[in-house]
1. For the chain, give the magnitude of the charge dipole about the Cα centre (Cβ charges: +1 Lys/Arg, -1 Asp/Glu; no others), in debye to the nearest 20.
2. Could you check the simple spin-label distance between L15 and N38, using points 7 Å along Cα→Cβ, in nm with one decimal?
3. With the dipole of the chain worked out from charges on the C-beta (+1 for Lys and Arg, -1 for Asp and Glu) around the Cα centre, which of S41, S18, H4 lies farthest toward the positive end?
4. Using r as the Cβ-Cβ distance of K6 and R31, and R0 as 35 Å, what FRET efficiency do you calculate, to the nearest 0.05?
5. Hey, what's the Kirkwood Rh for the chain if you take every pair of different alpha carbons, in angstrom?
6. What accessible area per residue, rounded to a whole number of Å², is obtained for the chain using a probe radius of 1.4 Å?
7. With all protein chains present, how much of the accessible area of the chain (probe radius 1.4 Å) comes from carbon and sulfur, to the nearest whole percent?
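The values are calculated or read from the model by the stated rules, or taken from the named source; none is laboratory data. Remember, predicted model here, so these are calculated numbers, not experimental data. Here the Cβ is made from the backbone with ideal geometry for all residues, glycine too, and neighbour counts use every protein chain on show. Heads up: the accessible areas ignore ligands, DNA and RNA and are worked out on the full protein's heavy atoms, side chains in. Shrake-Rupley method; radii C 1.70, N 1.55, O 1.52, S 1.80 Å.
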Amino acid sequence: MTKHFKPCNRHQLYLLPSSIDEWLPENHLTRLTSHYSNKGSQAYDPAMILSLLV
């Protein structure tokens, strides 16, 4: 393999974890929905926004 390419692992089972819960610790910002206020327009569910990004 040449030095021009990034190495790859063809024996890797998954590119992403089977559940996003495996990535995020319990106190992660995306889990802190209690910090949302009732001011302004209604916010989107953070879990839905994260799933769009992933």
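1. The calculated dipole for the chain is roughly 360 debye.
2. 4.4
3. H4
4. Details: r = 32 Å, r/R0 = 0.92.
Using R0 = 35 Å, I get an efficiency of 0.65.
5. Numbers: mean 1/r = 0.0678 Å⁻¹.
Over the chain, the inverse of the mean reciprocal pair distance is 14.8 Å.
6. Numbers: 5810 Å² over 54 residues.
About 108 Å² of surface per residue is accessible.
7. Values: 3330 of 5810 Å².
Answer for the chain is 57 percent, counting heavy atoms of protein chains only.
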